[in-house]
1. Taking the condition out of contact with any Ser or Thr (no Cβ under 7 Å at 6 or more places or on another chain), within 22 Å of Thr167 (Cα to Cα), away from the ligand (no atom under 16 Å from the Cβ) and free of Cβ contacts under 8 Å to residues at least 40 places away in the same chain, does Arg128 pass?
2. Run Cys52 past the list (1) closer than 24 Å to Leu173 by Cα; (2) touching a Gly at 6+ places or on another chain (Cβ under 7 Å) and report the number of the one that doesn't hold.
3. I'm trying to understand the selection: among the residues of region 79-125, which are within 16 Å of the ligand (Cβ to nearest atom) and over 26 Å from Ser33 (Cβ atoms)?
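The values are calculated or read from the model by the stated rules, or taken from the named source; none is laboratory data. Just so we're clear, the structure is a prediction, and the values are computed from it rather than from any experiment. So basically every Cβ, Gly included, is an ideal-geometry build from the backbone, and we count neighbours across all protein chains shown.
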Amino acid sequence: MKWRLSIAVDKPPKTWHNVPQKSLIMIIFVEASLKEIFKLKEKFPWPRPKKCPKCNTFRVWKHGFDFASFDGFSSSLVIRRFRCPDCGGVIRMRPAGYFSRFQASISTIRSSIKTKLYKCRWLCNISRTRQRHWYNALKRRVKAWFGESPHKDMLAAFDFFVLKGLTPVSRSL
Ligand SMILES: [Zn+2]
């Protein structure tokens, strides 16, 4: 099995003074099949991070599991956690293509926002309430980072936040 690890640190850069600093949350995104994770539960072979992303120590320990819901699965998936014994940081694994704490895939959320921006409607297969939450959260984040911004730049802003390793539609800024 092939893994692609990418690390996102849920913290805005220091230069953004208007954005409150958040505590460091270490999330490692792993190319992994949701179906396999669902099927194997605790036995799913999550790769052990080679080092702690925070302090670079070369050993991290298994640290139990998180349970996370995903669209299309009737019950929670079991997601491995690791902990760094040196700095105490907890490292959470996340399937690539999904934001931390979001059940819908990144591409579904992006598609919802795009449809709202360009066609002035919501996607029909997902509840409007959820889509409205995503849209409003993105709007708030765009305003906090860039000030007032032209309507259609919101999709570019979405991609910008994703590239920065931030969740564009999370409620906390
Ligand atoms: Zn550490």
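1. It is true that Arg128 is out of contact with any Ser or Thr (no Cβ under 7 Å at 6 or more places or on another chain), within 22 Å of Thr167 (Cα to Cα), away from the ligand (no atom under 16 Å from the Cβ) and free of Cβ contacts under 8 Å to residues at least 40 places away in the same chain.
2. The failed condition is (1).
3. Listed by number, the residues that qualify are Cys84, Pro85, Asp86, Cys87, Gly88, Gly89.
For every residue, the table says whether it meets (1) charged (D, E, K, R); (2) modelled with pLDDT of 85 or more; (3) in contact with a Ser or Thr (Cβ under 9 Å, 6 or more places away or on another chain).
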position	(1), (2), (3)
Trp3	no, no, no
Pro13	no, no, no
Trp16	no, no, no
Val19	no, no, no
Ser23	no, no, no
Ser33	no, yes, no
Glu36	yes, yes, no
Glu42	yes, yes, no
Pro47	no, yes, no
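Residues are listed down the side, and each one gets a yes or a no for (1) β-branched (Val, Ile, Thr); (2) touching a residue at least 60 places away in the same chain (Cβ under 8 Å); (3) outside the structural domain of Tyr135 (by TED's automatic domain parsing); (4) at positive phi:
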| site | (1), (2), (3), (4) |
| --- | --- |
| Lys41 | no, no, yes, yes |
| Phe44 | no, no, yes, no |
| Lys51 | no, no, yes, no |
| Asn56 | no, no, yes, yes |
| Phe67 | no, no, yes, no |
| Ser75 | no, no, yes, no |
| Ile79 | yes, no, yes, no |
| Cys87 | no, no, yes, no |
| Arg101 | no, yes, yes, yes |
